[in-house]
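The values are calculated or read from the model by the stated rules, or taken from the named source; none is laboratory data. None of the values given here were measured: they were computed from a predicted structure. Reconstructed Cβ throughout: ideal geometry from the backbone, glycine too, with neighbour counts over all protein chains shown.
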Amino acid sequence: MKFDTAFAPFLGLANLATVFAHGAPQPAAAIARREALVAEAAKTYSSCAKKIKSREVLERRDANTQSFVNMYLESRGLEPNFDKRVESDATCVLAPEEVEGPYYVSGQLIRDDIREEESGIDLLLDVQLLNVHTCEPLRNVLVDFWACNSTGVYGGVAAQNTVGLTFLRGIVQSDNDGVVQVLTKVPGWYTGRAQHIHVRAHVNYTIANDKLQGGTVVHTGQLYIEQSDLTEINALAPYSNNQNPFTLNSEDFIFTGEANATAGYNPYIRVTKTGETLNDGLLGKITLVLDPDTAATPVDMGFPGGNFTGPPPGGFPTSAPPAGETTNSATTTANL
């Protein structure tokens, strides 16, 4: 069980363009280009990484996290006495070439609580964004979050009869410390995929009617939870009632494709209990290092209203999202 342990530091690359399980592998040139991006990003980051290890920076981040958790506990009538230090030096260095799923739905509301009426364990995501060139916080970045619910269903997807529903979808803006905090649920799973949360970062945007307009996408990726933690989570309802075939992280074709191709790949958020039990909620914390000057150019598969209907070969699996995954350096097909 790892809920109360500190982060193990890592330097990795999260969710780039490789998808090995469906469709042809990427050509050697695309793989080489990605590896070059990884190496350059890691080198650049290492030259300034000590900045985020200073006492002042760590104490400010800790205070921010503790305030986030204690406000949540108080809202539930629980004792607001969370004072654990959860190390924030676990760092994922990201490159701009990413996989984007077909169930990204554009036009979501800017809000920091995306739970709505969904059941499951509350997850308090605390994500810090850093500039790969300077290691300074990335302020005013808008981050899309979306995930399936405990039974593996996404809101806003025509093929799942959820058009117009916005559960577990929303956008949050990073603060002066580059921190994005959102209240969501631990996701469930659907056929062929491990449990995961999608993220997408936007810069140079405008906001109109509490919605994102325009801008540049600098990262699209997925975050995971350690398998040992999921074992305990999934033993509880409503996750224990999910009848979809289960996929381990180690069996997930996106996760394993990246792990096999990228040294140090480890896109895990560290989860910590906010109270005595899992049902009191979990804090999930990670630091992501981005290049705000390099645009990611995945194929845009966001559909206002979620009007995506094309089934994968053989039809949709139970509670699975639609198919048709593509990337900017190679085209593949997958249920993601």
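Given the condition over 16 Å from the mean Cα position of the chain (by Cα) and over 28 Å from E251 (Cβ atoms), answer yes or no: does some residue in segment 139-149 qualify?
Looking through segment 139-149, at least one residue is over 16 Å from the mean Cα position of the chain (by Cα) and over 28 Å from E251 (Cβ atoms).
Just to verify a result, which residue in segment 55-95, among those that are in a strand (DSSP E or B) and of a type outside the set (S, T, Y), is modelled with the lowest pLDDT?
Step by step, filter segment 55-95, then rank; the result is V93.
Condition test on I171, is it surrounded by 22 or more Cβ atoms within 10 Å (Cβ to Cβ) and closer than 21 Å to N64 by Cβ?
Judged against the criteria, I171 is a match.
What strands (runs of 3 or more DSSP E), lying completely within segment 210-295, carry at least 3 residues that are within 27 Å of A42 (Cβ to Cβ) and at pLDDT below 90?
The qualifying strands (runs of 3 or more DSSP E) are 216-225, 282-290.
Of all residues being over 10 Å from V179 (Cβ atoms) and out of contact with any helix residue (DSSP H, G or I) (no Cβ under 8 Å at 6 or more places or on another chain) in segment 123-133, which is surrounded by the fewest Cβ atoms within 10 Å (Cβ to Cβ)? Just the residue, please.
N131
Return the residues of segment 196-229 that are out of contact with any Leu (no Cβ under 6 Å at 6 or more places or on another chain), touching a residue at least 40 places away in the same chain (Cβ under 8 Å) and farther than 22 Å from P292 by Cα; say none if nothing qualifies.
Across segment 196-229, the qualifying residues are H196, Y224, I225, E226, S228, D229.
Checking P25 against (1) surrounded by fewer than 16 Cβ atoms within 10 Å (Cβ to Cβ); (2) modelled with pLDDT under 65; (3) in contact with a Lys or Arg (Cβ under 9 Å, 6 or more places away or on another chain): exactly one of these is not met. Which one?
Unmet condition: (3).
Buried (at least 24 other Cβ atoms within 10 Å of the Cβ), among the aromatic types (F, W, Y), modelled with pLDDT under 95 and in a loop (DSSP other than H, G, I, E, B): which single residue out of Y103, Y154 fits that description?
Y103
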